[in-house]
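The values are calculated or read from the model by the stated rules, or taken from the named source; none is laboratory data. It should be emphasised that the depicted structure is a prediction, and the values quoted were computed from it without experimental measurement. Every residue, glycine among them, receives a Cβ derived from its backbone with ideal geometry; neighbour counts consider all protein chains shown.
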Amino acid sequence: MALILLLALAGGVAVGNVYFPQVVTPSVAADLGVTPAMAAQVVTATQFGYAAGIVLLVPLGDRIPHRRLIVSLLVLTGLGLLAAGSAPTLGTLLAAGVFVGVTTVIGPIIGPMAAGLVSEDRRGMVSGVLLSGGLGGMLLSRTFGGALAQWLGWRAPYLVAAALVLIIALVLLRTLPTTTPPSAQRYPALLAGSLRLLRTEPELRRSCLYQATVFAGFSAVWTSVTLLLTGPAYGLEASAVGVLALVNAATMVCTPIAGRQVDRRGPDKVNLVCLIAVIASSPVLAAGGLGGTLGLAGLALGSLLLDIAMQSGMVANQVRVYGLRPEARSRLTTAYMACAYVGGAAGSWLGTGAYGQAGWPGVCALVALLAALALARHLMTVHAHTPRTHTRTARVVRGGDGQGVPRVR
């Protein structure tokens with residue numbers, strides 16, 4: 001268990017490198033003499049690099065021993081953070097941001113590795129703990145990154161993050177077990193393998209659909225809630241969104257619990273509860289359009305319910321995906337994560353359009369609709385897999401000629 005907690009810490013620190021740039025862009029703009037919009041390109045560049053790293057580097061988890069791959073990527077990430085922290089111009093910072101994003105894909109590599117280190121009946125719990133670490137990294141990186149930037153300037157978060165990453169690389173070099181890669185395929189075949197698995201594995205496609213639709217609703221909410229909070233209903237500053245996001249820290253506690261439920265009851269039952277919970281979060285979130293104290297309570301409770309359901313569903317989907325092909329877990333993860341990110345991007349676009357056309361109620365209706373599509377697909381699958389106890393069975397009866405003639409009895 002100590003190793004799993006260490007891996008959760010490593011994943012949290014790594015994913016934090018994608019999110020803390022969001023809170024330092026004002027300091028970047030002031031120090032480098034650029035507009036806030038130009039400084040915000042650093043966030044986009046880092047996120048673009050992260051998406052590229054998922055596609056280009058995560059499949060290597062099936063080809064390269066995990067200790068070598070993880071430690072190498074951490075060292076490269078540390079060097080990229082040092083370059084970003086000492087960047088003299090915005091262009092240099094953008095290039096370093098892309099490099100950091102590409103190499104900091106430790107979380108999607110650690111997940112498949114950990115799944116192979118534990119028995120099948122503990123994968124849910126382990127996935128929940130690792131996801132909790134990632135959530136902690138997302139939240140704490142913004143908090144500490146913003147505080148450091150305000151106190152010591154925008155370069156400090158990058159340099160501190162570099163030190164943390166390099167220390168963790170040294171610790172993992174000494175503690176990670178030696179693993180044998182399950183595949184000897186060449187790199188182009190590994191890249192094509194993710195698409196091939198998406199085409200040939202129906203359970204992978206099902207998990208991708210669940211996560212893409214729910215994550216789309218999640219992204220639609222968090223893209224549009226800024227417009228709601230800064231609009232006439234509330235008239236708050238954009239920083240209020242960060243305060244609202246802190247409510248979701250409770251999800252860090254819930255994901256390990258969800259993982260244990262996946263181990264006990266299976267991914268399908270947990271997915272069912274999560275999809276229903278996402279639909280239930282829609283009317284609670286809709287109360288946020290009322291404004292005032294009641295509206296804020298609706299936003300807090302609704303966003304918390306949505307976040308817990310989305311993250312718990314992710315644990316269930318990951319366990320289902322990890323159980324498909326042990327020799328291709330990293331390629332399966334690549335396909336799964338890529339679909340989730342596509343869903344999130346589409347959700348942000350749809351959410352903005354829904355807010356423009358129908359306001360906050362339109363966004364909440366979009367969340368319910370997307371989850372209802374996934375729920376309909378889930379119920380169809382469960383119904384198709386339900387044994388039919390009254391179905392007559394065919395038996396082979398020997399006729400007088402000695403040949404088997406199938407007859408129904």
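A few comments on the model shown:
- Condition check for Tyr158: farther than 20 Å from Tyr336 by Cβ, modelled with pLDDT of 90 or more and over 17 Å from the mean Cα position of the chain (by Cα): yes
- The condition (being closer than 19 Å to Ala29 by Cα and in a helix (DSSP H, G or I)) is satisfied by just one residue among Leu79, Leu74, Leu93: Leu93.
- With respect to (1) crowded, with 16+ Cβ neighbours inside 10 Å; (2) out of contact with any Pro (no Cβ under 9 Å at 6 or more places or on another chain), the lone exception for Gln150 is condition (1).
- Of the listed requirements (1) touching a Phe, Trp or Tyr at 6+ places or on another chain (Cβ under 9 Å); (2) modelled with pLDDT of 90 or more; (3) within 24 Å of Ile4 (Cα to Cα), Arg123 misses just one: (2).
- Residue that is farthest from Val214 (Cα to Cα) [pool: residues in segment 244-272 that are without any contact (Cβ under 8 Å) to a residue 24 or more places away in the chain and under 21 Å from the mean Cα position of the chain (by Cα)]: Gly266
- Among the conditions (1) more than 16 Å from Ala316 (Cα to Cα); (2) at pLDDT below 95; (3) crowded, with 24+ Cβ neighbours inside 10 Å, Val100 misses just one, which is (2).
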